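Student: Please see the structure below; I have some questions.
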Amino acid sequence: MKIPNIITLSRLLFIPLILLTLYSNEPRYLILSIFFFLIAIATDSIDGYIARKFKNQKSKFGTFLDPLVDKMLILSMFFAFSDLGLIPLWLPLIFLFRELLVTCVRQVCSGEKKVVGANWMGKSKFAMQAIVIIYTQFFLLFESLNIITGFLTQSIVFYITLIITTISIVYAINFIWWYKDELLSDL
């Protein structure tokens with residue numbers, strides 16, 4: 001197995017650790033949740049760097065696996081935030097629908113010799129979602145410490161998640177538009 005794929009799979013193993021510590025509502029575990037999430041995000045950059053730098057480390061499996069694990073990480077966090085009452089359930093459901101739609105388009109447009117990987121829109125969407133998740137984790141941490149701040153509020157968590165959801169929908173429409181000819185030719 002190639003090194004980037006091992007790193008990507010390790011990111012998958014961080015998801016239960018992040019969620020377990022997130023649900024604790026104890027400051028020390030919430031700090032661990034933030035730390036584990038930051039490590040998971042770092043592995044996304046590391047596996048991509050290795051795959052690009054060393055051509056023998058690039059694989060079709062990795063091109064498929066990396067965005068899939070990203071989706072699992074991000075969606076699990078947003079569903080957890082919904083479960084914790086921070087955002088309404090319809091926001092992560094929209095994210096889920098969007099990810100399924102883009103994955104279907106990616107699958108239809110990929111051929112035997114071509115794999116449609118993540119593009120700059122997907123990478124920037126992932127970065128924005130990660131920032132929102134870290135922000136929300138800090139909100140939970142500050143709330144558990146009974147620290148009130150003007151810039152960390154549940155309303156702000158909702159609105160920035162809504163903005164990121166809207167941007168991700170725009171990116172999905174752009175992605176579908178980009179591959180429209182290939183989609184239409186397959187009908």
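Student: Please go through region 151-164 and give me each residue that is surrounded by 14 or more Cβ atoms within 10 Å (Cβ to Cβ), of a type outside the set (S, T, N, Q) and more than 19 Å from the chain's Cα centre (by Cα), ordered by number.
Tutor: Those that are surrounded by 14 or more Cβ atoms within 10 Å (Cβ to Cβ), of a type outside the set (S, T, N, Q) and more than 19 Å from the chain's Cα centre (by Cα): 152, 156.
Yes/no per residue for (1) farther than 19 Å from residue 73 by Cβ; (2) part of a helix (DSSP H, G or I); (3) modelled with pLDDT of 90 or more; (4) not aromatic (Phe, Trp, Tyr):
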site	(1), (2), (3), (4)
135	no, yes, yes, no
163	yes, yes, yes, yes
175	yes, yes, no, no
184	yes, yes, no, yes
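Student: Could you tell me whether residue 81 is over 13 Å from the mean Cα position of the chain (by Cα) and not β-branched (Val, Ile, Thr)?
Tutor: Against the criterion (over 13 Å from the mean Cα position of the chain (by Cα) and not β-branched (Val, Ile, Thr)), residue 81 qualifies.
Student: Please enumerate the residues belonging to region 1-11 that are surrounded by fewer than 17 Cβ atoms within 10 Å (Cβ to Cβ) and in a helix (DSSP H, G or I).
Tutor: 3, 6, 9, 10
Student: Of the numbered conditions (1) farther than 25 Å from residue 168 by Cα; (2) among the hydrophobic types (A, V, I, L, M, F, W, C); (3) without any contact (Cβ under 8 Å) to a residue 60 or more places away in the chain, residue 31 fails exactly one; give the number of that condition.
Tutor: (3)
Student: Continuing with the same structure: Which of the residues that make up region 12-69 are surrounded by 15 or more Cβ atoms within 10 Å (Cβ to Cβ), assigned to a helix (DSSP H, G or I) and among the charged types (D, E, K, R)?
Tutor: 44, 47, 66
Student: Testing residue 148 on (1) in contact (Cβ under 8 Å) with a residue 12 or more places away in the chain; (2) among the β-branched types (Val, Ile, Thr); (3) surrounded by fewer than 19 Cβ atoms within 10 Å (Cβ to Cβ), one condition comes back false. Which one is that?
Tutor: If we test residue 148 against (1) in contact (Cβ under 8 Å) with a residue 12 or more places away in the chain; (2) among the β-branched types (Val, Ile, Thr); (3) surrounded by fewer than 19 Cβ atoms within 10 Å (Cβ to Cβ), just (1) comes out false.
Student: Here's something else I'd like to know. Restricting the search to region 165-187, which residues are of a type in the set (Gly, Ala, Ser) and within 15 Å of the chain's Cα centre (by Cα)?
Tutor: 168, 172
Student: Suppose the filter is touching a Phe, Trp or Tyr at 6+ places or on another chain (Cβ under 9 Å) and modelled with pLDDT of 90 or more; does residue 157 pass it?
Tutor: yes
The values are calculated or read from the model by the stated rules, or taken from the named source; none is laboratory data. What you see is a predicted model; the values in this text were computed from it and never measured. We place every Cβ from the backbone using ideal geometry, glycine too, and count neighbours over all the protein chains shown.
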